[in-house]
Amino acid sequence: MEKQVENYLTHLRVERGLSQNTLDSYRRDLGKFVAYILKHGSTNPSDVDRRQIIAYMEDLHKQGRAAATISRNL
């Protein structure tokens, strides 16, 4: 999944012109999501479904993350 994350971050940098700080935040958020997905058995990005994304958002909420943080992760 690392390749897909890097491709997405490149797209955000080149096509959308996002700042390095924003890209760093996205990299950190995506890294945490990938770790969560791998921990829960998915190794292929195409295996990730809505249910897993919702479960991750719920996990962030249970951790006490702010609504803005959860929204950014989504």
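The values are calculated or read from the model by the stated rules, or taken from the named source; none is laboratory data. Everything numeric here is computed off the predicted structure, so don't read it as measured data. So basically every Cβ, Gly included, is an ideal-geometry build from the backbone, and we count neighbours across all protein chains shown. Quick note on the areas: whole protein, heavy atoms, side chains included, nothing else; ligands and nucleic acids left out. Shrake-Rupley method; radii C 1.70, N 1.55, O 1.52, S 1.80 Å.
At a glance:
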| read-out | value |
| --- | --- |
| Carbon plus sulfur fraction of accessible area for the chain, probe 1.4 Å, in percent | 50 |
| Residue-normalised accessible area of the chain, given per residue in Å² at a 1.4 Å probe | 73 |
| Whole-Hz couplings from phi, Karplus 6.51/-1.76/1.60, listed for segment 64-74; x for Gly and Pro | x, 5, 5, 4, 5, 5, 5, 4, 4, 5, 5 |
| Extension gain (nm, one decimal) between THR69 and ARG28, 0.36 nm per residue minus Cα-Cα | 13.6 nm |
| Helix-derived mean residue ellipticity, 222 nm - over the chain, DSSP H n ≥ 4, -39500 (n - 2.57), to 500 | -23000 deg cm²/dmol |
| Net lengthening on full extension, MET57/SER19 (0.36 nm per residue, minus Cα-Cα) | 11.2 nm |
| Net dipole in debye of the chain [+1 Lys, Arg Cβ; -1 Asp, Glu Cβ; about Cα centre; nearest 20] | 160 |
